Amino acid sequence: MSHLMNTYARLPVAFVRGEGVWLYDEQGKPYLDALAGIAVSTLGHGHPRLVEAIARQAKAVIHTSNLYRIPAQERLADRLCELSGMDEVFFGNSGAEANECAIKLARFYGHKVKKVEAPKIAVMEHAFHGRTLATLSATGNVKTQLGFEPLVPGFLRVPFGDVAALTRLIAETPDLVAVMFEVIQGEGGIRLADSEYLRAVRSLCDAHGLLMICDEVQCGLGRTGKWFGWQWSEVRPDVMTLAKGLGSGVPIGACLAAGPAAGLFGPGNHGSTFGGNPLACTAGLTTLDVIETDALLDNAARVGGYLKATLAARLAHLPQVKGVRGQGLMLGVELDRPCGALVLDALEAGLLINVTAERVIRLLPPLILAIEEAQQIVERLVPLVERFVARH
Ligand SMILES: *Cc1c(COP(=O)(O)O)cnc(C)c1O
């Protein structure tokens, strides 16, 4: 019997080695990785520059704690602020922690600036913000919340992309302090907020003194073809959270603040033992460097555009395929039926994919994906979908 807590339905495979977009199991069988460990392995596996940088940093020093200055952390904060136009950064170790920081920041802003007693945050249907109690409470999935009540209070839910509903909520809620959402919902089934929605949220937040919080944990860091998903519109959030792809596999999360959200915390208001340690920040800095030097934003846009168009064309004859959507290398193929079983079919065919929101095939390959590798994803995936809809 396993001594692991039974929290995951794991697939019967273990990978022991990786190179580029390929992973190899214990028998040496290759798998084309179209998931990147859930949008984490930005640079693929075994990227020589990342491996060299973290090996060098590990030799120098791995951890010192935030009791002391950490030059790599200061440099990574500078770089992230340069790329985003944000003002300051807090580093944690995961997406949930980055969002915890954003939620605490919003409440703090509510108390200090808006002088409200019980600050509330607007969140979206189908949202996913993490598994800690506050982020689980912000998440829009009742199934994952069941059994963990009482939830953290102060979250009010509206339909995603619905400006009228948000406008109504704001009018009805004098103690509202923030609006929190994913620019592209990942776990919720690759649902996109369009530029119009982002601009509407921005002007509502400006008009009512609310913080606009973008959870970019999954769609950020180049995945959509821009550094951050909101950069496809002309607005900037007040708070942005990052994690998954930031360290290319080394755990690191970040909460960035700008304008009215910046300069609020003082010593003692928030903290993390591991957060932003030299090893994690070196992985983050190297990830950003390689994205830049290897033009991976352009690559994500170009190869992602190719993958989306080719999948749409090759699946167009199937009425059971409702659509292919997404941006850059964050893509979803929606079927008209639950299709979780496809994950195991794909595994057997040497392809790593995921199914989210029951019926959406999710593709989140490394940003180094080449056109020929995207072609291989299509060649492997299309027959699997054809066979699956014929059988089920
Ligand atoms: C994965 C994810 C999180 C949670 O990140 P963890 O590192 O698992 O805590 C939060 N928000 C979004 C949008 C995510 O995709």
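Before moving on, here are some points about what is shown:
- A probe of 1.4 angstrom, applied to the heavy atoms of all protein chains, finds TRP232 with accessible area near 100 square angstrom.
- Potential lengthening of the chain between GLU82 and ASN6 amounts to 23.2 nm, from the contour at 0.36 nm per residue minus the alpha-carbon distance.
- Summed over qualifying helices (DSSP H, 4 residues or more, each -39500 (n - 2.57)) and divided by its residue number, the chain shows a 222 nm mean residue ellipticity of -11500 deg cm²/dmol.
- Gained length - LEU318 relative to ASP206, 0.36 nm times residue gap less alpha-carbon distance: 35.8 nm
- Shape of region 1-64 from the C-alpha gyration tensor: oblate (a/c of 1.5 or more and a/b not above b/c, with a ≥ b ≥ c the square roots of its eigenvalues).
- Residue order by solvent-accessible surface for ARG314, ARG362, ARG391, ARG337 is ARG391, ARG314, ARG337, ARG362, largest first, with ligands and nucleic acids left out and a 1.4 Å probe.
- Region 23-78: GluC sites (Glu not before Pro) in DSSP coil with no more than 10 other Cβ atoms inside 10 Å: GLU26
- Accessible surface of ASP194 - all protein chains present, 1.4 Å probe, nearest 10 Å²: 90
- Between region 165-184 and region 48-81, the C-alpha centres lie 37 angstrom from each other.
- Between LYS143 and LEU344, the FRET efficiency from the beta-carbon distance, with R0 = 25 Å, is close to 0.70.
- Solvent-free Debye scattering, log10 I(q)/I(0), computed from the Cα coordinates of region 49-293 at q = 0.07, 0.16 Å⁻¹: -0.22, -1.14
- Classification of region 153-238 by its C-alpha gyration tensor yields a prolate form. The axis ratio a/c (a ≥ b ≥ c) is 1.5 or more, and a/b outweighs b/c.
- Cα gyration tensor category, rounded, prolate or oblate, for region 206-287 with a/c compared to 1.5: oblate
- Ordering LEU4, LEU80, LEU133 by accessible surface, largest first, gives LEU4, LEU133, LEU80; the 1.4 Å probe counts only protein heavy atoms, with every chain in place.
- Rolling a 1.4 Å probe over the protein chains gives THR167 an accessible area of about 60 Å².
- Summarising the strand pairing of the chain, around 65 percent of its internal DSSP beta bridges are antiparallel.
- Euclidean distance of C-alpha centroids, region 1-40 and region 94-142, integer Å: 32
- Along region 9-20 the Karplus relation, 6.51 cos²θ - 1.76 cosθ + 1.60 evaluated at θ = phi - 60°, assigns HN-Hα couplings of 8, 7, 7, x, 8, 10, 9, 10, 7, x, 8, x Hz to successive residues, with x for each Gly and Pro.
- Förster-model FRET efficiency, 41 Å R0, ARG199 and VAL61, C-beta, rounded to 0.05: 0.35
- Furthest towards positive pole of dipole, ASN93, PHE228, LEU11, structure part the chain, Cβ charges: LEU11
- Axial C-alpha extent at least 15 Å, average Kyte-Doolittle at least 0.0 - helices from the chain (DSSP): 278-293, 296-315, 371-391
- Each residue of region 247-264 was assigned a 3J(HN,Hα) from its phi angle through the Karplus curve 6.51 cos²θ - 1.76 cosθ + 1.60 (θ = phi - 60°); the sequence is x, 6, x, 7, x, 7, x, 8, 10, 9, 10, 9, x, x, 8, 8, x, 7 Hz, with glycine and proline shown as x.
The values are calculated or read from the model by the stated rules, or taken from the named source; none is laboratory data. It should be emphasised that the depicted structure is a prediction, and the values quoted were computed from it without experimental measurement. Cβ atoms come from the backbone with ideal geometry, glycine included; neighbour counts cover every protein chain shown. All accessible areas refer to the heavy atoms of the entire protein, side chains included, with ligands and DNA or RNA removed. Shrake-Rupley method; radii C 1.70, N 1.55, O 1.52, S 1.80 Å.
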